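The values are calculated or read from the model by the stated rules, or taken from the named source; none is laboratory data. Because the structure is a prediction, the values reported are computed rather than measured. When we count neighbours, we look across all protein chains shown, and the Cβ atoms used for this are built from the backbone with ideal geometry, even at glycine.
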Amino acid sequence: MAMVVKNNMSAINTLNTLNKNSSALSKSLQKVSSGMKINSAADDASGYAISERMRVQIRSLDQANNNTQNGQAMMKVAEGAVSSTVDILKTLKEKVINAANDTNTDADRQTIQKELDQSIDQIDDNANITYNGKYLVDGSHNTKTTATTTVLTNQLLYTSTAADTKLTDLKSRTGESLNISSSDQVTVSYVMQGKTYTTTFSVESLSLSDILAKDAKNGSDTLTVANSGFTLSVGTKIGLDGAGDTVYTANNEEGVHLTAKVSGLNGQISGFTISVMDRYGAIRKAANAALDGFSESIRAQNESQDNAMVFQVGAKANQAIKVGMTDMRSTALGLKGTDNKTLNVSTQKNANAAINVLDNAIQKALDQQTTIGSVESRLDYTSSNLTTGSENTQASESTIRDSDMAKEMTNYTKNNVLLQAAQSMLAQANQSSSSVLSLLQ
């Protein structure tokens, strides 16, 4: 190479190398200090984009998990309220069984009535429980439903039992006669709007449909078939639920179905009791056991819009759990009418009729508690799944974005040594031009 003083190419080449080493050292320092091998899109454009999408997914999954846990907390509050109601209903059944016992005087029953009234009021307080200002089990978060009617189903009577079957011809499920005589007395009681309506008559040649056509009284208040009562059907088909779907018996076997004539809570029949006694007043136990088998198969509900709560439990739209909770107030449970008249146990007959009312109310509350419990269980699984998804996504993102610190420290050390070597050589290259001066002396 010629000896020149204007352009020191050795120094320029060394400077370029120094700059490259400096840039490499800077990148190594950034990777070591941040712990990431991709700190910007310039480092790896496609890797950066993939990594950022994964980070969005991780944050979304974590938020969905938080939503799930908040949903669990809400469900626990609702479960606590319903559990308290179930406890109250269990106590109330004890009380009405006590009131149905004639060792009690009417004054004793009035005392029981006072306790029952207070307990029913507490049930309403339970139904007004809130979470974050939201009422949970007062019916304000029900699913969309049409107005439904009460249907009571009995599968303890013989499968061929029909509406026109005579009471004297009634048989048990196994085909044995219930031994009801034409001289026996029948008492039919049912509870509507918190009032117990009762009528007693002779069996004679009456059929099942005939006994439903009798006017019933609550004190001086008469409820006629024209404005309430039941219709009777036979078969596996029970009726329509709130979604408009046909409901059949669980075992797909024949049953006798009593359907209220008025839909919604205004026509709700919360308890139905038939008692048969012979002409001497003795209880026909076999007959009563079969005739007392009417249990609620379709619950009366008012028409409702879709107010169910939605828990967003996923990172995508519509990845949600929808939960509808029915009305747990005393009116919906059949313990009180819309006029605030509570279930009456002031007489032995009323208390006896109230037993079935409490059975139906307990079943309603347990159904709601089951729904809440199943949602809580599902949310547990959802939370576990979201946690696993977040961990796995984070592990994948780590392989793309995180630095191998041992490797990066090695690169950092190498680049640091190269930078120092380039600095030293640049100093040497800058000195080479001075040797030309000796030619000018």
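Here are the numbers for this structure:
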| read-out | value |
| --- | --- |
| Which listed residue is at pLDDT below 85 and either surrounded by 14 or more Cβ atoms within 10 Å (Cβ to Cβ) or within 36 Å of the chain's Cα centre (by Cα) (or both), from Gly281, Gly219, Gly239 | Gly239 |
| Boolean, Ala250 is within 28 Å of the chain's Cα centre (by Cα), part of a loop (DSSP other than H, G, I, E, B), touching a residue at least 24 places away in the same chain (Cβ under 8 Å) and surrounded by fewer than 16 Cβ atoms within 10 Å (Cβ to Cβ) | no |
| Count of residues meeting criterion [in a loop (DSSP other than H, G, I, E, B) and either of a type in the set (S, T, N, Q) or more than 23 Å from Asp339 (Cβ to Cβ) (or both)] in region 113-148 | 11 |
| Scan of region 6-33 for residues that are surrounded by 12 or more Cβ atoms within 10 Å (Cβ to Cβ) and in a loop (DSSP other than H, G, I, E, B), ordered by number | Asn8 |
| Only one of Asn104, Asn65 that is more than 30 Å from Ser432 (Cα to Cα), of a type outside the set (A, V, I, L, M), touching a helix residue (DSSP H, G or I) at 6+ places or on another chain (Cβ under 8 Å) and buried (at least 19 other Cβ atoms within 10 Å of the Cβ) | Asn65 |
| Residue within region 99-112 that is over 16 Å from Thr342 (Cα atoms), polar (S, T, N, Q) and within 29 Å of the chain's Cα centre (by Cα) present | no |
| Any hit, region 330-337, residues being at pLDDT 90 or above and part of a helix (DSSP H, G or I) | no |
| Any hit, region 173-188, residues being among the small types (Gly, Ala, Ser), surrounded by 18 or more Cβ atoms within 10 Å (Cβ to Cβ) and either farther than 26 Å from Thr146 by Cα or modelled with pLDDT of 85 or more (or both) | no |
| Residue count for region 330-346, restricted to those that are crowded, with 17+ Cβ neighbours inside 10 Å and either without any contact (Cβ under 8 Å) to a residue 40 or more places away in the chain or more than 21 Å from the chain's Cα centre (by Cα) (or both) | 9 |
| Residue match in region 42-64 (condition: polar (S, T, N, Q), within 28 Å of Leu366 (Cα to Cα) and out of contact with any Pro (no Cβ under 7 Å at 6 or more places or on another chain)) | no |
| The one condition in (1) farther than 30 Å from Tyr381 by Cα; (2) touching a residue at least 40 places away in the same chain (Cβ under 8 Å) that Asn104 fails to fulfil | (2) |
| Subset of region 177-210 (residues that are farther than 30 Å from Lys341 by Cβ, out of contact with any strand residue (DSSP E or B) (no Cβ under 8 Å at 6 or more places or on another chain) and touching a residue at least 60 places away in the same chain (Cβ under 8 Å)) | Asn179, Ser181 |
| Any hit, region 356-370, residues being surrounded by fewer than 18 Cβ atoms within 10 Å (Cβ to Cβ), farther than 25 Å from Thr187 by Cα and not aliphatic (A, V, I, L, M) | yes |
| Where a residue in region 256-280 is in a strand (DSSP E or B) and its partner, wherever it lies, is of a type in the set (Asp, Glu), with Cβ under 7 Å and at least six apart | Thr273/Asp292; Ile274/Asp292; Val276/Asp184; Met277/Asp184 |
| Residue in region 382-390 that is surrounded by 15 or more Cβ atoms within 10 Å (Cβ to Cβ), out of contact with any strand residue (DSSP E or B) (no Cβ under 6 Å at 6 or more places or on another chain), of a type outside the set (S, T, N, Q) and more than 30 Å from Met36 (Cα to Cα) present | no |
| Flag for Leu116 being touching a strand residue (DSSP E or B) at 6+ places or on another chain (Cβ under 9 Å) and more than 30 Å from Ile372 (Cα to Cα) | no |
| Any hit, region 34-47, residues being surrounded by 14 or more Cβ atoms within 10 Å (Cβ to Cβ), modelled with pLDDT under 75 and closer than 22 Å to Gln423 by Cβ | no |
| Evaluation of Leu157 against (1) of a type outside the set (Lys, Arg); (2) surrounded by fewer than 19 Cβ atoms within 10 Å (Cβ to Cβ); (3) modelled with pLDDT under 90 (one fails), failing number | (2) |
| Every pair of residues 6+ apart whose Cβ atoms lie under 6 Å, when the first sits in region 9-38 and is over 30 Å from Ser434 (Cα atoms) while the second is assigned to a helix (DSSP H, G or I) and of a type in the set (Asp, Glu) | Lys31/Glu408; Val32/Glu408 |
| For Thr85: the one exception among (1) closer than 30 Å to Lys336 by Cβ; (2) part of a loop (DSSP other than H, G, I, E, B); (3) among the polar types (S, T, N, Q) | (2) |
